[in-house]
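Have a look at the structure below, then the notes.
The values are calculated or read from the model by the stated rules, or taken from the named source; none is laboratory data. All figures in this text were calculated on a predicted structure; none of them were measured in a lab. All Cβ positions, glycine included, derive from the backbone under ideal geometry; neighbour counts span all protein chains shown.
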Amino acid sequence: MTALRMGGRLVLLATALVCNQACVADVEPDIGPLRAGVCTADDSDPKKDVSFRDDILPLFKRPFGMAGCGCHQPSSRRTSGIDATGLDLGTYTALMRGGNSSGDTVVIPGDPCGSLLVQKISTAPPSGGRMPSDGPPYMTPNEIKLIRDWIAEGASEN
């Protein structure tokens, strides 16, 4: 493997080797480590219902610096998340409508691992940066589990 600098960035060049087995270079991606097996699609506590109004919305409405989603709140002093992506997390209806390009993939009822919301708040989003963009702090594992459970339960407006 060869490393060289281009425009201030370190670029790694791998040389293909002929071998009897697959040759793999360990190169960390810009967006995080491989996510296989990281997300759990099942409701962690089927006996407990998660409420959008009481459990999920308060997480979104926390102020800046507290792992909230202030940039996606229309009532916030800074709405850069809404301006850039069209994603408004201020109401259930707006959340389910999704953003300009994400549409109905932000929350896929019954599929937390396929939902962009869960992917973006988790440790290694498949694209872009982890949310909230002003983190850390980020949502805790228990808060992420709560959102996953709500989506696994069908993402109801309850």
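Scanning the stretch 136-152 for residues that are in a loop (DSSP other than H, G, I, E, B) and either among the polar types (S, T, N, Q) or surrounded by fewer than 19 Cβ atoms within 10 Å (Cβ to Cβ) (or both) gives PRO136, PRO137, TYR138, THR140.
Scanning for something under 14 Å from CYS39 (Cβ atoms), in contact (Cβ under 8 Å) with a residue 40 or more places away in the chain and not aliphatic (A, V, I, L, M), does the stretch 97-111 turn up at least one residue? Scanning the stretch 97-111 turns up at least one residue that is under 14 Å from CYS39 (Cβ atoms), in contact (Cβ under 8 Å) with a residue 40 or more places away in the chain and not aliphatic (A, V, I, L, M).
Among the residues of the stretch 129-158, just one is under 9 Å from the mean Cα position of the chain (by Cα) and among the small types (Gly, Ala, Ser), namely GLY129.
Inside the stretch 104-128, residues that are of a type in the set (Gly, Ala, Ser) and at pLDDT 90 or above make up a count of 4. Taking the criterion of being assigned to a loop (DSSP other than H, G, I, E, B) and either of a type in the set (A, V, I, L, M) or more than 10 Å from the chain's Cα centre (by Cα) (or both), the only residue of the stretch 115-128 that qualifies is ALA124. GLN73 fulfils the conditions (1) more than 19 Å from THR40 (Cα to Cα); (2) surrounded by 17 or more Cβ atoms within 10 Å (Cβ to Cβ); (3) modelled with pLDDT of 90 or more except for a single criterion, (3).
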